[in-house]
Each structure stands twice: as C-alpha cells, then as structure tokens.
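A quick write-up on the structure given underneath.
The values are calculated or read from the model by the stated rules, or taken from the named source; none is laboratory data. No experiment lies behind these values; they were computed from the predicted model shown. Note that each Cβ is placed from the backbone with ideal geometry, even for glycine, and that neighbours are counted across all protein chains shown.
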Amino acid sequence: MEAEASEVPFDPTNVDLTTADPVQIICFLSEEGNEYDGRLGARVAALFVILIVSTLCTIFPVAARRAPGLKIPSYIYLFARYFGAGVIVATAFIHLLAPAYEAIGPASCVGMTGGWAEYTWPPAIALFSIMVIFLVDVIAERYAEAKFGASHGHGDGIEGGVRTESEVAGEATSSKVTSMAGFSQEPKLEVGSGNVNGKLSDVSGEYGEDSGYNRRDFYSQFSAFLILEFGVIFHSIIIGLALGVAGEEFNTLFPVLVFHQGFEGLGIGARMSAIPFKPGSWLPWILCLAYGLSTPIAIAIGLGLRGSYNPGSFTANVVSGILDSLSAGILIYTGLVELLARDFLFDPKRTRDGKKLAFMLTCTILGAGLMALLGKWA
C-alpha cells in the first residue's frame, strides 16, 4: 500500500472498525490492482474496432461539410453537429469531472492523504483550467484583431461606429462560414418527415475567399479547437489504458467504449467542421486521425504493460485525477461557451425556422442525455 496514515501495519484480515484508521481502509479498498485475465485476441480486436468507429465518426461531420459531392442531406449534418455538441458537454461533467472526484476527491485514498486532504482539488483544477482557456481565448482574439485588423462581428455596436462597405461584406462572407446554427441559405427542414429541400452541398457554400477576416477567424477557432482535442485525447488515453488491463468488466466496458468514443468523435468532428480550413487542406483529416488513434494506442500501451500497470495505484489515481480535472475544465468552457452559447444565444445568423431550431435543440439534448447514460458503465 502506497499511502499509510499511521506507523501501525494494516492487516486487512483483522480490522477493528472502532480503532482502525479510515484512510488505511479506503486506500486498501481502492487499490484494485491489475485485473488482466487474458483474452489478448479480443483486446487486439477491440483496438481496431475502436480505431475504425472513432475515426469514421470524427470524419463524418467534416466530410459532410467539406465534400459537397457526397450530397448529404442537411438534417443529417445538423444531427451530427448538435448531437456532438451535447456529447461534449456531458463528457465534461459525467466522464471527466466525476471520475476526477473518484480519483482525487475528498472520499478517495488520494484525497484523504497529506496535502490532498487540505482542499477539494477536482473543481479547483477544473476552474484553473477554465480560466486559463478563457485567458488564452482572449489573448488569441486580441492577437488576431491586431494582426488582421478585423473585429469579431458579435459585438453590440457600442464602440462600432460606422463600418465601411468592405467590412460589412467581409462580415457577411465569414458568417456563411462560421455560423454553426444555420447555413448561408436556409433549407426548409421538416422534422419528422425526413424531407429537406436541398442537399448539404447546395446550402453550405464555399469557405469564402482568403480575406483577412477569414484568416483571423480561422486562427481564433483553430486554437480553441486544439485545446478541445487535447483535452479529449487525454481522457481517451486514460480509458484506453484501463481497457487494456480490464478483467471481467471487459465484456461490458468494450461495447460501451465503442459508443463512447464514437459519440465523442462526433463532437470533435462537429467542432472541426465549423473551422474555415482552406479548401484542399489535409489538416482536418490529420486531426481526425489523431483522435481516432489516441485510444487504440493507449490500449496497446496497456497491453504492453499488462503485467505491471496498476490503474488503482496511488500514483495512477493522482495522474488520472489531475488530467481528468484539467480536461473537464477545457470541455466545460468549450461546450458551454464555444458551442452552446455562441451557437444558440450570440449567433446573429441563428435560424429563425422554429422547427429547425427545435430539431437542433433536440439533437443537443439527446447527445448530452445518451452520453450521460453511458457514464453508468464507463
């Protein structure tokens, strides 16, 4: 046992609950050890299944937006996009912050030991992460404005004064690209009938000319996206390691993680599809593959360390608890600010079609609900 609260050796076979140190009991119970029970072939198969599913789910929203030849109906793209947004929010709270409490929270072995017992660290670390991301976002916005000489276009006009025709035209062009709540041409969406007037390729438009405003918008959104992807990848690595050394729970954990990674992939892809990459750029496809590879690589590492890696050890709990807390803060900020607030509250191009808006909200809530439900098993 790595954390002992007293000099008296702890004998788990002879415990007097009236005198025993609760820290010793909690630490003994939480150190589950390595439960690897063979089935190497099934674990290798899981590696490839998760690789394929997570990569394809990540690619789909990007391909739907960047490949007009696919002629994907707009309601399918809308579903993937806003379902993924709900998944990101649920992942932050259910799949990151809750496990962080289990690893380093007040009721955990780590949280009852030494300096970890002096404060409730998971929300503090998440708050630190949120504030850092907020500052990075502000600095990136200011840098882009100074470099490209353009405003964001979401202001209330208090300091705006009179804009030139070129500024208005640039804003109109970019809004077609960056609006996540609608397209440059409003397709009529009949919820429930599956009938959409027009394909996605007819309404999504091109990515706009390479104006200073578009370059500024790209750098701003891309920096925020990289932070989001790193946060999700940290989480994917942790669960991949756990799957590689799981025991009897492998039978349940494997199918749940397939859906888990697929849903997260939709969220990552949905966020990436809104970024105005240059036509023909390979960068979005590389980023899709990076997410798809994260969990399989972690599973492979877990299999390589199956004889020594202990996911319940004191050190493993500290590392996973800190990373989960940091990632939770990243996804909370991104999900609530960059996705929900910016799309539904502050986007001047938000759709005025009531049925379409209801469909988008339903997809968001459905994504959050299903991802929260998966938290019962993984």
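Could you list, in sequence order, all residues of region 273-284 that are more than 19 Å from the chain's Cα centre (by Cα) and either within 30 Å of Gly38 (Cβ to Cβ) or surrounded by fewer than 15 Cβ atoms within 10 Å (Cβ to Cβ) (or both)?
Residues satisfying the conditions are Lys278, Pro279, Gly280, Ser281, Trp282.
Go through region 98-109 and give me each residue that's small (Gly, Ala, Ser) and not in a helix (DSSP H, G or I). Before the answer, list the steps.
Taking region 98-109 and keeping what is small (Gly, Ala, Ser), we get 98, 100, 103, 105, 107-108.
Within region 98-109, Gly105, Ala107, Ser108 meet the criteria.
If the Cβ limit is 7 Å and pairs must be 6+ apart or interchain, which residue in region 359-378 that is in contact (Cβ under 8 Å) with a residue 12 or more places away in the chain pairs with which residue that is assigned to a helix (DSSP H, G or I) and polar (S, T, N, Q)?
The qualifying pairs are Met371/Thr91; Trp377/Thr252.
Could you list, in sequence order, the residues of region 74-113 that are touching a strand residue (DSSP E or B) at 6+ places or on another chain (Cβ under 9 Å) and crowded, with 22+ Cβ neighbours inside 10 Å?
Here is the first cut: in region 74-113, the ones touching a strand residue (DSSP E or B) at 6+ places or on another chain (Cβ under 9 Å) are 74-76, 78.
Matches in region 74-113: Ser74, Leu78.
Going by the structure shown, is Arg43 out of contact with any Asp or Glu (no Cβ under 8 Å at 6 or more places or on another chain), closer than 18 Å to Cys288 by Cβ and surrounded by 21 or more Cβ atoms within 10 Å (Cβ to Cβ)?
no
Any idea how many residues of region 219-259 are of a type outside the set (Phe, Trp, Tyr) and under 15 Å from Leu47 (Cβ atoms)?
Taking region 219-259 and keeping what is of a type outside the set (Phe, Trp, Tyr), we get 220-221, 223-224, 226-229, 231-233, 235-249, 251-253, 255-258.
Still in the list and also under 15 Å from Leu47 (Cβ atoms): 236-237, 239-246, 253, 255, 257-258.
Adding up the residues that qualify gives 14.
Out of (1) within 30 Å of Met112 (Cα to Cα); (2) in contact with a helix residue (DSSP H, G or I) (Cβ under 9 Å, 6 or more places away or on another chain), what's the single condition that is false for Gly269?
Evaluating Gly269 over (1) within 30 Å of Met112 (Cα to Cα); (2) in contact with a helix residue (DSSP H, G or I) (Cβ under 9 Å, 6 or more places away or on another chain) leaves (1) as the failure.
Checking the condition aliphatic (A, V, I, L, M), modelled with pLDDT under 80, farther than 24 Å from Glu249 by Cα and under 25 Å from the mean Cα position of the chain (by Cα), which residue from Ala20, Ala67 passes?
Selected residue: Ala67, the only one of Ala20, Ala67 that is aliphatic (A, V, I, L, M), modelled with pLDDT under 80, farther than 24 Å from Glu249 by Cα and under 25 Å from the mean Cα position of the chain (by Cα).
Listed here are the residues, each with its yes/no results for (1) hydroxyl-bearing (Ser, Thr, Tyr); (2) touching a strand residue (DSSP E or B) at 6+ places or on another chain (Cβ under 9 Å); (3) modelled with pLDDT of 50 or more.
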{"site": "Val196", "(1), (2), (3)": "no, yes, no"}
{"site": "Tyr213", "(1), (2), (3)": "yes, no, no"}
{"site": "Ile239", "(1), (2), (3)": "no, no, yes"}
{"site": "Ala242", "(1), (2), (3)": "no, no, yes"}
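I'd like the residue in region 325-378 that is of a type in the set (Ser, Thr, Tyr) and more than 20 Å from Phe225 (Cβ to Cβ) and, out of all such residues, is modelled with the lowest pLDDT. Outline the logic, then answer.
Restricting attention to region 325-378, the residues satisfying the condition of being of a type in the set (Ser, Thr, Tyr) are 325, 327, 333-334, 351, 362, 364.
Imposing the further condition that a residue be more than 20 Å from Phe225 (Cβ to Cβ) reduces the set to 325, 351, 362.
Working: Ser325: 95, Thr351: 77, Thr362: 96.
Looking at the filtered set, the residue picked out is Thr351.
Six or more apart or on different chains, Cβ under 9 Å: which pairs go from a residue in region 10-21 that's without any contact (Cβ under 8 Å) to a residue 12 or more places away in the chain to one that's among the aliphatic types (A, V, I, L, M) and surrounded by 10 or more Cβ atoms within 10 Å (Cβ to Cβ)? Could you list them?
Between residues of region 10-21 that are without any contact (Cβ under 8 Å) to a residue 12 or more places away in the chain and residues that are among the aliphatic types (A, V, I, L, M) and surrounded by 10 or more Cβ atoms within 10 Å (Cβ to Cβ), the close pairs are Val15/Ile25; Leu17/Ile25.
The rows are residues; the columns are (1) assigned to a helix (DSSP H, G or I); (2) touching a helix residue (DSSP H, G or I) at 6+ places or on another chain (Cβ under 8 Å); (3) touching a residue at least 60 places away in the same chain (Cβ under 8 Å).
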| residue | (1), (2), (3) |
| --- | --- |
| Ser54 | yes, yes, yes |
| Thr58 | yes, yes, yes |
| Arg81 | yes, yes, yes |
| Ala90 | yes, yes, yes |
| Leu96 | yes, yes, yes |
| Gly111 | yes, yes, no |
| Pro122 | yes, yes, yes |
| Leu135 | yes, no, no |
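Search region 287-315 for residues that are within 30 Å of Ala117 (Cβ to Cβ) and pair each with any residue that is crowded, with 17+ Cβ neighbours inside 10 Å and basic (Lys, Arg) when their beta-carbon atoms are under 8 Å apart and the residues are at least 6 apart or on different chains.
none
A quick yes/no check of all residues on (1) crowded, with 17+ Cβ neighbours inside 10 Å; (2) over 17 Å from Ala80 (Cβ atoms); (3) hydrophobic (A, V, I, L, M, F, W, C):
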position	(1), (2), (3)
Ser325	yes, yes, no
Ile332	yes, yes, yes
Lys349	yes, yes, no
Leu366	no, no, yes
Trp377	no, yes, yes
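Would you pick out the residues in region 285-312 that are under 30 Å from Arg216 (Cα atoms) and surrounded by fewer than 21 Cβ atoms within 10 Å (Cβ to Cβ)?
Trp285, Ile286, Leu289, Ala290, Leu293
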